[in-house]
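A.B. asks: Please read through the structure below; I'll follow up with questions.
The values are calculated or read from the model by the stated rules, or taken from the named source; none is laboratory data. Everything quoted here is computed from the prediction, not taken from an experiment. Heads up, the Cβs are rebuilt from the backbone with ideal geometry, glycines too, and the neighbour counts pull from every protein chain shown. Heads up: the accessible areas ignore ligands, DNA and RNA and are worked out on the full protein's heavy atoms, side chains in. Shrake-Rupley method; radii C 1.70, N 1.55, O 1.52, S 1.80 Å.
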Amino acid sequence: MPLTHLPVFLRHSGSVHAHYLLNHHHVSAIPSSSLLCSSRSAPFFGFGVRVISIRAVQVQEPGGQFPAVDPKRVPPPNFKSQFDFYRDKNARDIAQELKEDADEKDEDNMTDEDRYDIYEDDASYPSNDKVQPHHRDERVVLREAEVSIEAAEDFAKREKKEQWWRMTQEELAKYQLQADLELNAIDQATEYYRKALDGILRARQGASLGPTRRIIDSWYGPFRDSINAAVRKMSARASSHSLVANLKLLSSDKLPVITLHQTLGMLLANTEGVPFMQVAFAVGRAVQAEVNFERMKAEDKQAFRSLLKSKSGITVTLVNIKAKYTLKKHDWDSKTIVQLGAFLLKHLMLSAKIEKNVDKVLSKANNLAVSSSERQLADDEYVSAFVHYYKFYRQGSTTRRQGLLKCHENIFKYVDDGHVIKEVLDARLLPMVVKPVPWVSPTVGGYLYVPSVLMRAQEHQAQYASLWNADLTTVFAALNALGETGWRVNEEVYHIVKKVWDDGGGLAALPTRTDITFPDPPDDLDTNDESKRTWKKTERKIRQLNNDLNSLRCDTTYKLSVAETLLHMDFYLPHNVDFRGRAYPIPPHLNQLGSDMCRGLLVFKEKKPLGPTGLRWLKIHLANLYGVDKVPFDARVNFVDKNIDKVFDSADHPLDGEQWWVGADDPWQCLGTCFELAKALRSPNPEEFLSCMPVHQDGSCNGLQHYAALGGDEIGGRKVNLVPSDAPQDVYSGVATVVAKRVHEDAIAGHELGKLLDGKLDRKVVKQTVMTSVYGVTYIGARLQIHNALSDKDIEWRDDDQLYHASAYITNHTFEALNQMFLGARNIMKWLADCARIIAKNKDPVAWVTPLGLPIVQPYVKNQQFLVKTVVQKVLLSDPRKDLPVNTIKQRSAFPPNYVHSLDSCHMMLTAIECQKKGISYTSVHDSYWTHACTVDQMNVILRDQFVELHSQPLLHRLREWFIKRYGKDGRVEFPPVPERGPLDLQVVKQSKYFFH
């Protein structure tokens, strides 16, 4: 029986979820001839009730051909649906309507078909202690029991009055395309990874794989302890075994690594097992090779250097062959080798354990809401990780047996689970051609198939656990607003970029497609050591530059291929956050956080008329992109008007004209704006011209703006445009002026470096240091920044030592200028750092909750790693414990910048939510806010209001109260008082037109 109106479909393994496409994905009538009952699965497209599987077939409809839904394109079986619940106002409204309809019927006469539909959360729903009650109350719970096709059809008929339930053919085609894009990305990553994996396993290097390394980390300690205990026991005997002498030839750190590497390398490549004697011999030979390697290093330097230069690489066989000709008593007999290998395998089998119920363990390991204590198992829940068994076979008339060693089947599950995760994480995800799945929990949102997480904080269980106990409603709303902003590829810019790239690149920051050529070697290369050293240094530098160019070429090629894929299509960028709360697009290769080329390729999906002020903002935007952004708005407009002929020339002849646009700070964005401005000016009525160009409004050293607002610093606030002024204040120029004045005074006093640098400093020298000072840049980091800036200046340096001292000299003056100009900010930075030091000294990580309710736990711990070098490889072993001690220095130095980052993310998110409420297209690059030209004025009002509202709260006092409550319960931990606030009136920010500009 055909289905007339059906919510769209989900799932694998014989049954699928048919889910609502709520307010975010409108559904129109699906032709009844398009959907037939089937026992096969169909792709997932939305949210809702579970029904038996459905398939779609191609039919010809008046509007065109209905796209086929391929029933084979289903999620792999290890991808469990992330859509366990969905919370949305429309969903709750529907649930309430259905409940009211049901209440009108006589309960005794209600059929199963009446009861199967959505019901709201009640006591019958299994409790989830990891989700707060208010989350459970608001979400719509979907019943797990399967229902018949007839019931689904009846449900659809009763609800066909809901127009937004229905999906058009075009929308269904987009969902099919999105499913294909995601699954193809996974397929490609899987194919590439498995091909590399196959080669690694054939080479018996399985122990070097990431998923295997995690197991080795957990086995290493117990295995080493078992060997040491056995050696001590045998050494205590009166007649010590010769085996002990051989074991003592190597350090106890190396024996476990050699054994694990050889054993896993062989067993992972042969799942049915390997003869025990063969493994024991291989392990013994590897130990022998390590002993010979160390002996050669100590006894025969020439042979050792020759071994290191081997073009085929260092192997066990090569070391033992080399030792045969260079060392005395180099060889061991086969009995000794096998005894040694068998001894090590015995203790490996005694100490290496694997969980019995590995599926349950992996389920907990992949569940971010499960705490580390819940992951721990009792001793009786482990079994030996390696299995020794006998295989019987006939040899002539005799029955013989052979001992084999193999990995426990759960090891393969563990490793395979790691491979699957690696394959998915390596998938090169594209932007989405449908709106992202709304965020409703820390693990529900983003892509349709590919699992996504709200926060980028891998291996940080404390952070993940805190997310499940927090009210993240506002954070979800902000990320959903960012994700719903539609985009298109700027086709005019794309075709110019493609033309330049096809012609060899090298224009407007595109990398050249030809390598830098090596100069001819000097004539005295073989006779002059200094000339030889200089030549080799130049050669290394050019080789590194060519390697960098190759990486840039690959990156550019891939970004252009992504843009080509999305030409003529609307697309969306799902977002998540880092551990500080800063939002980032999940698809990495074409987004607004990318390079100038990436940004130049992006325009809004929606076109809006410029209106009365849009043309002016478009001109201001062009001036900003060209680098004319330190003057008043009128001067920027005048700059564009004076160069309007060059703007038209750039739009009409981008490659064969004057190429004025190439001289811009952001050339590709400048070119795109030239195209847009030229079309607007040539249109009959510019105010009615439909523009899709994003216009940026950037903060003025936004970190210092937040510090000035926190401390009420009027002097510092004036320098970063919190206070109204007739022209934008440039904090970088301000600091550079103070530094230049001090250098000039030193020059008059006869200071050598002062005389050298007098009159040669500008804002570019100090800009990066000033920008990063608010984020905790160290003296060494600042000196390197200024070193790089000075090296680009047209100054004749006597030698590198003089440049080093000059950079240190300017760094000192820069820090002194910052202390003088931003005393309030420095006091707050010091207070934050002191609080972090107190917390970390108490062996706790610094944690806080942002004004939007996002819990943050700094992840910095002392990751106790040590390197073990063997003949075959270098192994970096990590402490598998989760309760590692905190890194006190890192906790202290990182807290001030991380706290400010968490505040600027709150400001951005509040602006995003308010813009969405007012129907304004919006996105951001941290402290750069983008919208249409016609809505810049509206966005400017919103972002100022939200900043003032955010900082009108006693943020630092609340932070101190939080610290006292969390860390000072016993009264032993005391936190210093909050620095006294200055006289800055935050309300003046609303009148500061250059606050963001």
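A.B. asks: Among the candidates 801, 794, single out the residue that is part of a loop (DSSP other than H, G, I, E, B) and open to solvent by 80 Å² or more (accessible area, probe 1.4 Å).
C.D. replies: Of the residues listed, the single one that is part of a loop (DSSP other than H, G, I, E, B) and open to solvent by 80 Å² or more (accessible area, probe 1.4 Å) is 794.
A.B. asks: Would you check if there is a residue in region 718-730 being touching a residue at least 60 places away in the same chain (Cβ under 8 Å), over 20 Å from residue 794 (Cα atoms), among the β-branched types (Val, Ile, Thr) and crowded, with 17+ Cβ neighbours inside 10 Å?
C.D. replies: Yes, region 718-730 has at least one match.
A.B. asks: Only one of these is of a type in the set (S, T, N, Q), within 29 Å of residue 986 (Cα to Cα) and free of Cβ contacts under 8 Å to residues at least 40 places away in the same chain: 737, 769. Name it.
C.D. replies: After ruling out the rest, the residue left standing is 737.
A.B. asks: Sticking with this structure for a sec: Among (1) farther than 22 Å from residue 498 by Cβ; (2) modelled with pLDDT under 95; (3) over 39 Å from the mean Cα position of the chain (by Cα); (4) of a type outside the set (Val, Ile, Thr), where does residue 645 come up short?
C.D. replies: The one condition residue 645 does not meet is (2).
A.B. asks: So how many residues does region 466-494 have that are at pLDDT below 90, buried (at least 21 other Cβ atoms within 10 Å of the Cβ) and either within 18 Å of the chain's Cα centre (by Cα) or part of a helix (DSSP H, G or I) (or both)?
C.D. replies: Qualifying residue count for the region: 1.
A.B. asks: Here's a follow-up. It is to be established whether one or more residues within region 895-912 are farther than 30 Å from residue 844 by Cβ and modelled with pLDDT of 95 or more.
C.D. replies: Yes, some residue in region 895-912 is farther than 30 Å from residue 844 by Cβ and modelled with pLDDT of 95 or more.
A.B. asks: Scan region 571-590 for residues that are open to solvent by 10 Å² or more (accessible area, probe 1.4 Å) and assigned to a loop (DSSP other than H, G, I, E, B) and report the count.
C.D. replies: Here the count works out to 6.
A.B. asks: Report whether or not residue 583 is touching a Cys at 6+ places or on another chain (Cβ under 9 Å) and of a type in the set (Gly, Ala, Ser).
C.D. replies: Judged against the criteria, residue 583 is not a match.
A.B. asks: From the list 787, 805, which one is closer than 26 Å to residue 889 by Cα and modelled with pLDDT of 85 or more?
C.D. replies: Just one listed residue meets the conditions, 787.
A.B. asks: Kindly provide the set of residues from region 591-612 that are in a strand (DSSP E or B) and open to solvent by 50 Å² or more (accessible area, probe 1.4 Å), ordered by number.
C.D. replies: Matches in region 591-612: 609 only.
A.B. asks: Would you mind listing the helices (runs of 4 or more DSSP H) fully within region 662-727 where at least 2 residues are assigned by the TED database to the domain that holds residue 984 and charged (D, E, K, R)?
C.D. replies: It comes to 714-719.
A.B. asks: Run residue 743 past the list (1) surrounded by fewer than 17 Cβ atoms within 10 Å (Cβ to Cβ); (2) more than 30 Å from residue 901 (Cβ to Cβ) and report the number of the one that doesn't hold.
C.D. replies: (1)
Rundown of residues vs (1) assigned to a helix (DSSP H, G or I); (2) modelled with pLDDT of 90 or more; (3) open to solvent by 40 Å² or more (accessible area, probe 1.4 Å), yes/no style:
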site	(1), (2), (3)
816	yes, no, yes
830	yes, yes, yes
834	yes, yes, no
840	yes, yes, no
880	no, no, yes
883	no, no, yes
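Matching residues to (1) assigned by the TED database to the domain that holds residue 337; (2) at pLDDT 75 or above; (3) within 43 Å of the chain's Cα centre (by Cα); (4) in a loop (DSSP other than H, G, I, E, B):
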position	(1), (2), (3), (4)
278	yes, yes, no, no
281	yes, yes, no, no
286	yes, yes, yes, no
290	yes, yes, yes, no
294	yes, yes, yes, no
302	yes, yes, no, no
310	yes, no, yes, yes
314	yes, no, yes, yes
321	yes, yes, no, no
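A.B. asks: Out of 944, 981, I need the residue that is at pLDDT 95 or above and not small (Gly, Ala, Ser). Which one?
C.D. replies: 944
A.B. asks: Note down all Cβ pairs under 8 Å where the first residue falls in region 640-661 and is in contact (Cβ under 8 Å) with a residue 60 or more places away in the chain, the second is open to solvent by 70 Å² or more (accessible area, probe 1.4 Å) and part of a helix (DSSP H, G or I), and they're at least six residues apart or on different chains.
C.D. replies: Sorted first by the residue in region 640-661, then by its partner, the pairs are 655/499.
A.B. asks: Something else now. Any residue in region 443-457 that is free of Cβ contacts under 8 Å to residues at least 60 places away in the same chain and in contact with a Gly (Cβ under 6 Å, 6 or more places away or on another chain)?
C.D. replies: No - not one qualifying residue is present in region 443-457.
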